[in-house]
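Presented below is the structure to which this report refers.
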């Protein structure tokens, strides 16, 4: 029985697993999004979330604790100067795991893991809200709200009166 066993060992020794988590964390911090298997993505989420929580308070002690896990000055600098200030108001859930299908060679379930606040498509900071990828206005099958319908009618009335003159 597996009572109380919360760690996915991923078929590796503890040293190999620590090295894997460290390398995947470095890649995630550097690129803000990586593709891997679903099991590794879920294990990485459990590994990186406490480090991001530590990066919210930029103190020497928290930097040293995070450096103990990552062993990379550039990654620690990126985590504390770029990622930490962006997630300071978020109470948790700094990364998301999105399933992307199955790998063709061995049918392993693949996933994308990314930082939540660094995806411009979901946050809407890259473009105006209500536009699609090409920057065009999104079309909807739903009816317009009362305010926008009245505004559209008012602009038609103004256009119609100027054409008659």
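Tabulated data
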| read-out | value |
| --- | --- |
| Residues (more than 24 Å from residue 116 (Cβ to Cβ) and surrounded by 15 or more Cβ atoms within 10 Å (Cβ to Cβ)) located in the stretch 11-42 | 17 |
| Qualifying residue in the stretch 117-126 (condition: under 16 Å from residue 31 (Cβ atoms), out of contact with any helix residue (DSSP H, G or I) (no Cβ under 7 Å at 6 or more places or on another chain), at pLDDT 95 or above and surrounded by 14 or more Cβ atoms within 10 Å (Cβ to Cβ)) | no |
| Residue that is nearest to residue 86 (Cα to Cα) [pool: residues in the stretch 25-42 that are assigned to a helix (DSSP H, G or I) and touching a strand residue (DSSP E or B) at 6+ places or on another chain (Cβ under 7 Å)] | 28 |
| Which numbered condition residue 92 fails, given (1) part of a loop (DSSP other than H, G, I, E, B); (2) more than 13 Å from the chain's Cα centre (by Cα) | (2) |
| Residue 45 vs. criteria modelled with pLDDT under 95, surrounded by 13 or more Cβ atoms within 10 Å (Cβ to Cβ) and either part of a strand (DSSP E or B) or within 13 Å of the chain's Cα centre (by Cα) (or both) | no |
| Residues satisfying the stated conditions in the stretch 86-112, i.e. in contact (Cβ under 8 Å) with a residue 12 or more places away in the chain and more than 10 Å from residue 37 (Cα to Cα) | 86, 87, 88, 90, 92, 93, 94, 95, 96, 97, 98 |
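The values are calculated or read from the model by the stated rules, or taken from the named source; none is laboratory data. What you see is a predicted model; the values in this text were computed from it and never measured. Cβ coordinates were reconstructed from backbone atoms using ideal geometry, including for glycine residues, and neighbour counts include every protein chain displayed.
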